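Bear in mind that the values in this text are calculations on the coordinates, not laboratory data. No experiment lies behind these values; they were computed from the predicted model shown. Cβ sites come from the backbone with ideal geometry, for glycine too, and all protein chains shown count toward neighbours.
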Amino acid sequence: MLPLARASLLTARNTTRIYTSPRPYSGALKAFILFNLFSSAQDPSKSPMAVKEFVESSINDNKITIFSKTWCPFCKKTKDLFKAQFPEENPLIIELDLREDEEEIQDYLNEKTGQRSVPNVFVNQKQVGGNDKTQAAFQSGELKRLVNL
Ligand SMILES: N[C@@H](CCC(=O)N[C@@H](CS)C(=O)NCC(=O)O)C(=O)O
């Protein structure tokens, strides 16, 4: 074989060798990614209809609904306000960070109310808003009016 031809064959072999070893991993990785994409796409609890139904029934079936996150300091203030000022009420508190459909619920709340942040408070099916608006509504007497509708 001509020296030049041998050299290019060696290069080709080396190249092949370099890319041979990671192949089993990249195949497994691809399968893993595809599996995860497929699983989340197939998860019925995350479908737009299921999320919409969950949010709407939560709001419609409860006098007070608070979409919250366990670690959120504004949510704590809102929850404390209801506990202190309306102890006889039993708000439905949905801690989004404990759910797998957290993102989807926030997307739907944003679509419905223009607000993606938490807390997001509803009283007698009316959106009050986040913590600032809820505290202000309490100060003005509007929150009490809504609770007692
Ligand atoms: N001014 C808002 C502040 C609410 C806020 O910033 N909430 C944070 C959590 S502490 C939030 O929702 N961040 C976006 C997210 O968690 O997706 C209020 O009064 O509610």
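Could you look through the range 67-83, keep only residues that are near the ligand (Cβ under 8 Å from one of its atoms) and among the aromatic types (Phe, Trp, Tyr), and pick out the one that is nearest to GLY130 (Cα to Cα)?
The selected residue is PHE74.
List every residue pair whose Cβ atoms lie under 8 Å apart, where the two residues are 6 or more positions apart in sequence or sit on different chains, the first residue falls within the range 81-109 and is under 18 Å from GLY141 (Cα atoms) and touching a residue at least 40 places away in the same chain (Cβ under 8 Å), and the second residue, located anywhere, is among the aromatic types (Phe, Trp, Tyr) and within 16 Å of the ligand (Cβ to nearest atom).
Every condition considered, the pairs that remain are LEU81/PHE138; GLN85/PHE138; GLU89/PHE82.
Filter the range 126-142 down to the residues that are in contact with a strand residue (DSSP E or B) (Cβ under 9 Å, 6 or more places away or on another chain) and touching a residue at least 24 places away in the same chain (Cβ under 8 Å), then identify the one that is nearest to SER57 (Cα to Cα). Before the answer, list the steps.
From the range 126-142, those in contact with a strand residue (DSSP E or B) (Cβ under 9 Å, 6 or more places away or on another chain) are 127-131, 133-134, 136-137, 142; that's our starting set.
If we keep only those that are touching a residue at least 24 places away in the same chain (Cβ under 8 Å) too, we end up with 130-131, 134.
Details: GLY130: 20, ASN131: 22, THR134: 21 Å.
Of everything passing the filter in the range 126-142, GLY130 is nearest to SER57 (Cα to Cα).
Collect the residues in the range 128-149 that are farther than 14 Å from PHE86 by Cβ, within 15 Å of the ligand (Cβ to nearest atom) and in a helix (DSSP H, G or I), keeping them in residue-number order.
Of the range 128-149, the ones farther than 14 Å from PHE86 by Cβ are 129-133, 136, 139-140.
Now narrow it down to the ones that are within 15 Å of the ligand (Cβ to nearest atom): 129-133, 136, 139.
Once the filter is applied, which keeps residues that are farther than 14 Å from PHE86 by Cβ, within 15 Å of the ligand (Cβ to nearest atom) and in a helix (DSSP H, G or I), the range 128-149 yields ASN131, ASP132, LYS133, ALA136, GLN139.
Counting just the residues of the range 84-127 that are over 21 Å from ARG145 (Cβ atoms) and among the β-branched types (Val, Ile, Thr), which one comes out nearest to the ligand (Cβ to nearest atom)?
This residue is VAL118.
With respect to the numbered conditions (1) more than 19 Å from SER45 (Cβ to Cβ); (2) assigned to a loop (DSSP other than H, G, I, E, B), which one is the sole condition not fulfilled by GLU100?
(1)
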